[in-house]
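The block underneath contains the structure these notes are about, expressed in structure tokens.
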Amino acid sequence: MSSFNNKYQEELIANAAYIGSPGKGILAADESTGTIGKRLASISVENIETNRRALRELLFTTPGAFDCLSGVILFEETLYQKTAAGKPFVELLKEGGVLPGIKVDKGTIELAGTNGETTTQGLDGLGQRCQKYYEAGARFAKWRAVIKIGPNEPSELAIHENAYGLARYAVICQENGLVPIVEPEILVDGSHDINKCAEVTERVLAACYKALNDHHVLLEGTLLKPNMVTPGSDSPKVAPEVIAEYTIKALQRTVPAAVPAVVFLSGGQSEEQATLNLNAMNKFKGKKPWALSFSFGRALQQSTLKAWGGKDENIKKAQDAFISRCKANSQATLGTYKGDSTLGEGASESLHVKDYKY
Amino acid sequence: MSSFKSKYEDELIANAAYIGSPGKGILAADESTGTIGKRFANIKVENNESNRRVLRELLFTAPGCLECLSGVILFEETLYQKTAAGVPFVEVLKKGGVLPGIKVDKGTVELPGTNGETTTQGLDDLGQRCKKYYEAGARFAKWRAVLKIGPNEPSPLSIHENAYGLARYAVICQENGLVPIVEPEILVDGSHDIAKCADVTERVLAACYKALSDHHVLLEGTLLKPNMVTPGSDAPKVAAEVIAQHTVRALLRTVPAAVPAIVFLSGGQSEEEASVNLNAMNKLQGKKPWSLTFSYGRALQQSTLKAWGGKDENIAKAQAALLVRCKANSEATLGKYQGLLW
């Protein structure tokens with residue numbers, strides 16, 4: 001095979017396929033301490049370990065949420081945290097049929113000589129870290145590469161570095177039993193049109209799959225987490241059906257059918273926008289040899305956070321907001337979302353932050 | 001889009017999709033003058049223009065055969081030939097619902113510093129030649145790149161040169177209205193096992209699709225003509241189902257779903273083997289987002305040539321032999337081939 005021979009092969013294939021189960025998707029709850037601090041600040045909550053723990057417990061104990069989720073991505077701290085009653089989060093997830101995932105990258109740094117383009121760090125000692133995470137119960141990992149669109153961007157260098165960084169991360173994960181989510185996010189920032197986004201997305205994804213092939217990655221044991229193909233944030237919006245068509249065409253042109261599932265990132269989209277777009281993709285008629293699902297962070301948690309505001313007495317209200325978004329996205333993976341979910345406060349609010357850094 | 005805007009875009013997409021129609025495939029009748037000479041020598045027929053014309057007329061007018069075909073690849077000489085009654089071959093094909101194709105490469109040359117590895121020539125003025133062929137009625141083209149498996153082969157150089165040559169040829173074709181068949185043939189010669197062939201095939205195909213992306217080729221307007229994944233010619237044979245599994249897996253790992261059809265080459269396989277293997281692929285359960293069909297030369301014509309032997313009185317017999325293979329392969333594209341009845 002072009003992929004290396006791996007003792008975890010069957011498990012990787014089974015877990016990757018499971019993530020793409022119909023009606024399910026991923027909750028991205030892997031905000032770093034710094035990033036979650038910004039979220040907590042926006043609802044006037046102190047950024048301390050106990051609050052971070054309380055938030056994640058709120059999410060993971062929401063009645064019915066696990067029926068809509070096949071995986072949850074965690075930050076390292078959370079992997080080792082427990083419920084107030086003392087049950088490890090990892091156990092809670094596993095009991096609920098949800099695979100625990102772990103963010104393993106160490107953020108982006110600028111590429112010298114470019115116009116603010118970046119590469120992602122985290123390869124040093126990655127194998128040992130993955131081994132540790134597997135022992136702690138993680139079964140998949142995530143690494144975010146970031147690309148931007150500009151007059152001369154993305155450069156060949158940025159595309160190459162990010163694609164080959166992703167490929168190296170991916171094979172190290174597989175060596176250690178973790179399904180790698182390959183995430184080449186092309187930022188939505190800019191005034192470019194949807195054609196430009198499509199062109200860049202196709203170029204970047206083609207480079208990624210060449211790099212994965214060069215690195216002997218087992219595609220059946222990976223997931224892709226791409227941006228949807230949309231106009232830039234400063235450009236006029238288009239209908240979900242247009243986004244669906246452009247996105248699927250880009251994927252048809254670049255993502256081998258051996259990849260079991262594509263789990264979209266939500267970028268700056270509002271909760272409702274992200275769901276409507278995912279729904280349109282699953283309604284689209286055409287070749288779609290991979291499951292099309294979600295790996296949403298802000299687009300699943302925004303109204304939940306607002307409803308919670310850090311107060312115990314709001315937990316039920318917050319969990320209601322959360323299950324509403326979970327169910328909406330679950331339906332969207334089946335193309336059956338009718339847009340009638342009870343919109344929480346802020347569900348239609350754009351979550352775009354310019355030049356977003358985790 | 002990542003592809004360039006060709007004025008022929010809709011036509012390219014429609015023609016490529018048509019080639020992959022269920023129950024149909026391609027007859028590769030594009031043997032160069034030299035190559036057809038070897039075939040003729042086997043049946044003691046003189047290699048002159050008249051005989052070459054007679055053979056192709058035999059093939060294209062064989063009753064029932066055109067129904068099994070969506071395309072025929074021609075050598076340049078044949079594109080301009082006619083039936084004895086004066087009907088251009090191109091018209092015979094078009095009337096029969098068959099797209100004429102044209103071989104446009106100019107053969108292989110060795111890459112210095114390698115162990116007998118080659119690259120393919122034919123890019124010079126290719127655009128003008130394609131335009132001419134389009135005017136003559138051609139609607140698709142073919143270019144054969146050749147790679148071999150050895151202790152140090154294929155080398156990165158050979159993979160790169162052949163992949164980028166194919167991509168350049170492909171985009172030039174599309175600029176001129178011809179659907180390019182992308183053919184990266186990995187020779188079956190050798191004693192390697194099927195796992196080795198799979199490994200090399202996946203590496204080569206991944207390189208091809210990166211090159212096609214770099215060259216802004218519209219994948220929906222292309223076809224792929226790969227080798228099946230098999231053990232080397234000097235290694236023990238395996239069952240058709242094993243070939244099918246390894247082949248489809250390699251394709252799932254490398255060929256984007258935007259490609260409408262995969263038209264296998266038959267390499268050194270016998271007529272029957274080529275049909276049985278194709279059939280096994282179409283019976284295989286699992287994801288197959290492209291049609292799986294044939295683009296066979298020897299595997300369609302071998303027994304036809306033998307039956308003909310260059311004699312007019314054998315034409316009907318020869319045409320009947322061709323129909324047997326056409327029907328077999330047509331059924332194989334549907335997974336319905338039952339095998340020889342004798």
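All of the numbers you see were taken from the coordinates with simple rules; none came from a lab. Just so we're clear, the structure is a prediction, and the values are computed from it rather than from any experiment. Here Cβ is always computed from backbone atoms with ideal geometry, including for glycine, and neighbour counts include all displayed protein chains.
Quick notes on this structure:
- Dimensions of the protein assembly as shown along the principal axes, based on C-alpha atoms and rounded to the nearest Å, stand at 97, 51, 49, largest first.
- Only Lys, Arg, Asp and Glu carry charge here, each on its Cβ (+1 for the first two, -1 for the last two); on that basis region A:211-272 has a dipole of about 140 debye about its Cα centre.
- Relative contact order (%) - chain B, alpha-carbon pairs under 8 angstrom, separation at least six: 20
- All C-alpha pair distances within chain B, sorted into 20 Å bins from zero, spread as 33, 61, 6 percent across the bins.
- Fewest-first sequence of B:MET281, B:MET228 by Cβ atoms within 10 Å of each Cβ: B:MET281, B:MET228
- Taking 13 Å as the cut-off, the amide N atoms of region B:33-63 that come nearer than this to a point 7 Å along the Cα-to-beta-carbon line of B:ALA136 belong to B:33.
- Cβ-derived FRET efficiency at R0 25 Å, B:LEU157 paired with B:ALA195, nearest 0.05: 0.60
- Separation in nanometres of the label points that stand 7 Å from Cα toward Cβ, at B:GLN128 and B:THR83: 3.5
- When Rg and the Kirkwood radius Rh are both evaluated on Cα atoms of region B:147-192, their ratio Rg/Rh stands at 1.11.
- Relative packing of peptides B:159-167, B:114-122 - highest average C-beta neighbours within 10 Å first: B:159-167, B:114-122
- DSSP bridge orientation in region A:95-183 - percent antiparallel, rounded to nearest 5: 35
- Over 25 Å between alpha carbons, listed pairs A:LYS38/A:LYS354; A:LYS287/A:LYS338; A:LYS249/B:LYS287; A:LYS225/B:LYS142: A:LYS225/B:LYS142
- Point-to-point label distance, A:ALA85-B:ASP10, nm (Cα→Cβ direction, 7 Å offset): 6.4
- Average beta carbon contacts from partner chains per residue of A:254-261, 10 Å cutoff: 6
- Qualifying aspartates and glutamates (Cα of each under 15 Å from Cα of A:LYS317; at least 8 residues distant if same chain): A:GLU57, A:GLU345
- Entries in A:LYS148/B:LYS225; B:LYS7/B:LYS38; A:LYS285/B:LYS196; A:LYS94/A:LYS237; A:LYS237/A:LYS283 that, when Cα-Cα distance is taken, lie over 29 Å: A:LYS148/B:LYS225; B:LYS7/B:LYS38; A:LYS285/B:LYS196; A:LYS94/A:LYS237
- Scattering profile of region A:1-61 at q = 0.29 Å⁻¹ [log10 I(q)/I(0), Debye over alpha-carbon scatterers]: -1.20
- Once you reduce region A:130-149 and region A:154-232 to the center of their Cα atoms, the two points are 14 Å from each other.
- By average C-beta atoms within 10 angstrom, highest first, the peptides A:311-318, A:71-78, B:205-212: B:205-212, A:71-78, A:311-318
- Cut-off 11 Å between beta-carbons: net charge of the residues surrounding A:GLN269, Lys and Arg +1, Asp and Glu -1: -1
- Within 10 Å of the Cβ of each residue in B:248-261, the mean number of Cβ atoms contributed by other protein chains is 6.
- Summed over qualifying helices (DSSP H, 4 residues or more, each -39500 (n - 2.57)) and divided by its residue number, chain B shows a 222 nm mean residue ellipticity of -14000 deg cm²/dmol.
- Taking the three principal axes of the alpha carbon atoms in region B:103-178, the coordinate ranges are 45, 16, 16 Å, sorted in descending order.
- Ranking A:ALA14, A:THR35, B:LEU305 by how far each Cα lies toward the positive end of the dipole of the protein assembly as shown (charges on Cβ) leaves B:LEU305 at the top.
- Beta bridges from DSSP with both residues in region A:51-125: antiparallel share about 50 percent, rounded to the nearest 5.
- C-alpha center-to-center spacing [region B:214-256, region B:105-130] in angstrom: 23
- You can think of it this way: the chain between B:GLN121 and B:GLU313 has 65.1 nm of extra reach, that is 0.36 nm per residue less the Cα-Cα gap.
- Tail beyond 26 Å, pair distance distribution of region A:1-123 (Cα, percent): 36
- With the convex hull constructed from alpha-carbon coordinates only, region B:172-312 shows a mean projected area of 10.0 nm² over all directions.
- Here the dipole of chain A is about 580 debye; that uses its Cα centre as origin and unit charges on the Cβ of Lys and Arg (positive) and Asp and Glu (negative).
- With both residues required to sit in chain B, DSSP beta bridges show an antiparallel share near 15%.
- Loop-located GluC sites (Glu not before Pro) across region B:1-109 with a Cβ neighbour count of 13 or fewer within 10 Å are B:GLU46, with loop assigned by DSSP.
- Most to least packed among A:299-308, A:16-25, A:135-144 [average Cβ atoms within 10 Å]: A:299-308, A:135-144, A:16-25
- Between A:GLU349 and B:LYS287, the modelled label-to-label distance comes to 3.8 nm, taking each label 7 Å out from Cα in the direction of the beta carbon.
- Pairwise FRET efficiency - A:LYS338 versus A:ALA112, Cβ, R0 = 56 Å, nearest 0.05: 0.65
- Values of log10 I(q)/I(0), in the order q = 0.11, 0.18 Å⁻¹, for region A:114-254 under a Debye, Cα-only, solvent-free model: -0.42, -0.98
- About the Cα centre, charge dipole magnitude for the protein assembly as shown (Lys/Arg +1, Asp/Glu -1 at Cβ), debye: 1260
- With eigenvalues of the C-alpha gyration tensor scaled by 5 and rooted, chain A, Å: 28, 24, 20
- For the residues of A:280-292, the average number of beta carbons from a partner chain within 10 Å of their own beta carbon is 2.
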